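The values are calculated or read from the model by the stated rules, or taken from the named source; none is laboratory data. In this text, all values refer to a predicted model and were calculated from it rather than measured experimentally. Neighbour counts run over all protein chains shown; Cβ positions are idealised from the backbone, glycine included.
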Amino acid sequence: MFFKVLVPIICGLTIMASLLLNKTTNIWMLILFGSLFALSVVFQKKHPIVPKIQIIFLVLFHWYSHMNWCLGLYYILILMAAHTKQTYKQTIPIFLLYILLYSTIRLSYQPLNTYNMLVSIYDFIGAAIVGSLYRYFFSLEAEKKKLKENNNFLVTHDSLTKLLNYEGYVNALQDLINKQNHFVLILIDFQDFKSINNQSISNGNEALVNISLLLKRLFANAHTISRYAGDRFAVTIPSKENALHEISELLSSNVLGFQVTYSMTQFPQESASKEELISIAEEKLFQNKRMIWLKREEDLFRSEKMRAVGELAAGMAHEIRNPLTTIKGFMQLSQKSGYNIGPWFETIMSEITRMNELTAEFLQFSKPNISKMKAESVTGCLDRLLFLTESDAAYRGHKIMLDIADDSLYVYIDRDKMVQVLVNLVRNGLEAMSEPGVLSIRAKREEGNAVVEIEDTGPGIPVSEQAKIFQPFYTTKEEGTGLGLSICQKIAQDHGGNLEIQSDVGSGAVFSLSLPAYDWAPEG
């Protein structure tokens, strides 16, 4: 821009000086070539051929003006050449050519003496100095500019993928809003990427680079694509009809090679400010991630439930098959005895009773959860327990000891089911003691829970079996079904509680039923 103003001024002054000093031999040719040279400098970027012929205009202008003032114009061409050429090797020949042309024209209208020859040498040296200095300062400026551009790039771009970083993404979003461009903001979160990144950082970086390249290809018309927060990407694309539907189909098609969660927000339909737009987009993304997480949890729960049902069904089939096999064998024997089942009647009925009990307990295990929930006194539940079990204990020669540390202890329970649990635990304890012993029942408050402990003086349970006793169909009793303790644990868990065992071989066992204490007391 500076040369476009300076060259016409120098040309005009040179023409005026040449006319005043009567140096020109042809005024019209002087004006013509001066004008052509000035115009060639002004319009050189619009016509590529102009820089190649402007030296001709300058030489002819210099010839007709007979003015040494044209040296400044040659210097300007030298500086323009230094600006466009890449290296000194490219610029030095041009410097020498331009000064050679200047000196030749100058010596054509001045005496060829020692002074003028020395002046020509000085002109060569001066041109070389001017060109070199300009080239040097131009290189410094270019390097400074490049460093500034690189610094700006690093500030606003991700060094790994070369996409915009978060700051660049926010700035670009503001630019689009300032221009009032209608667009769709897409946030993409790669759910499975963390597993790849955990395997190897290099694998994770490679995956991110591949994802960025794929996004550039899929969203070729995007205003901006950025990466932020590790594995999140933000894409802005121009709004158009059915844009949301097309984006949804694209991102749901697994074309990115990963399962993704995404959100879409439109400007200006949903927000007119950058901050609110980002907030809405992030909230949508969070809600979508939450829905996917809940669905995964539901699928996992369903899968675990089906697995448990399968295990129960397999165990049930196995347990029923045994008495059926026994009954079948006796029926085959009775066929040979004229269908006289008398000798095996009691055994057959015993096996049928066993299957009936097994089926009843299985149904109990699979019944819907607790329903008749209300606040109940622990003392009342234990009194009911004693009423149901004292006769059995006396029959077996055992004694039951009851110790209630807090009469005001209440729990929110289905009383019938909870009494069922306690009865089952007491009967297990009574059956475990082959010799007359003592069954201790203790109730206490412990860290906000109501804890009922049932301790027997039997042989105890080995550690190897303690981890199995709550599993369905596991039993050490000859007539047991293996569902009793499983049902007890399930009922306890349905009440928000827990059932645990502590035992050492030779010193009995302690079953601890823990339930959340309920801070309630009846009126009066």
Exercise for the section: Determine whether D175 is at pLDDT 80 or above, touching a Ser or Thr at 6+ places or on another chain (Cβ under 8 Å) and either surrounded by fewer than 13 Cβ atoms within 10 Å (Cβ to Cβ) or not in a loop (DSSP other than H, G, I, E, B) (or both). Expected result: no
Problem - Per-region count, the range 147-161, residues among the charged types (D, E, K, R) and surrounded by 13 or more Cβ atoms within 10 Å (Cβ to Cβ) - result: 1
Problem - Members of the range 419-465 that are within 17 Å of T379 (Cβ to Cβ) and of a type in the set (S, T, N, Q) - result: S440, N449
Handout entry: Test for I278: is it touching a residue at least 40 places away in the same chain (Cβ under 8 Å), out of contact with any strand residue (DSSP E or B) (no Cβ under 7 Å at 6 or more places or on another chain) and assigned to a helix (DSSP H, G or I)
Key = yes
Handout entry: Test result for L6, out of contact with any helix residue (DSSP H, G or I) (no Cβ under 8 Å at 6 or more places or on another chain) and either surrounded by 14 or more Cβ atoms within 10 Å (Cβ to Cβ) or not assigned by TED's automatic domain parsing to the domain that holds C70 (or both)
Key = no
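Yes/no per residue for (1) modelled with pLDDT of 85 or more; (2) of a type in the set (A, V, I, L, M); (3) part of a helix (DSSP H, G or I):
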residue: A272; (1), (2), (3): no, yes, no
residue: I292; (1), (2), (3): no, yes, yes
residue: L300; (1), (2), (3): no, yes, yes
residue: K305; (1), (2), (3): no, no, yes
residue: E311; (1), (2), (3): no, no, yes
Handout entry: Selected residue [in a strand (DSSP E or B) and farther than 16 Å from T457 by Cβ] from I413, I400
Key = I413
Exercise for the section: Please enumerate the residues belonging to the range 229-247 that are closer than 18 Å to K289 by Cβ and either modelled with pLDDT of 85 or more or among the aliphatic types (A, V, I, L, M) (or both). Expected result: A229, R232, F233, A234, V235, I247
Handout entry: Selected residue (only one of F183, F138 is of a type in the set (F, W, Y) and at pLDDT below 85)
Key = F138
Practice task
Taking E431 as the residue in question, decide whether it is modelled with pLDDT of 90 or more and not in a loop (DSSP other than H, G, I, E, B).
Solution key: no
Handout entry: Residue match in the range 21-32 (condition: surrounded by 17 or more Cβ atoms within 10 Å (Cβ to Cβ) and among the hydroxyl-bearing types (S, T, Y))
Key = yes
Problem - Residues that are of a type outside the set (V, I, T) and under 16 Å from the mean Cα position of the chain (by Cα), drawn from the range 269-293 - result: A281, E282, E283, K284, L285, F286, Q287, N288, K289, R290, M291, W293
Practice task
Scan I92, I99, I55, I49 and give me the residue that is surrounded by 21 or more Cβ atoms within 10 Å (Cβ to Cβ) and assigned by TED's automatic domain parsing to the domain that holds F124.
Solution key: I99
Practice task
Give just the number: which of (1) part of a helix (DSSP H, G or I); (2) more than 16 Å from G497 (Cα to Cα); (3) in contact with an Asp or Glu (Cβ under 8 Å, 6 or more places away or on another chain) does M418 not satisfy?
Solution key: (2)
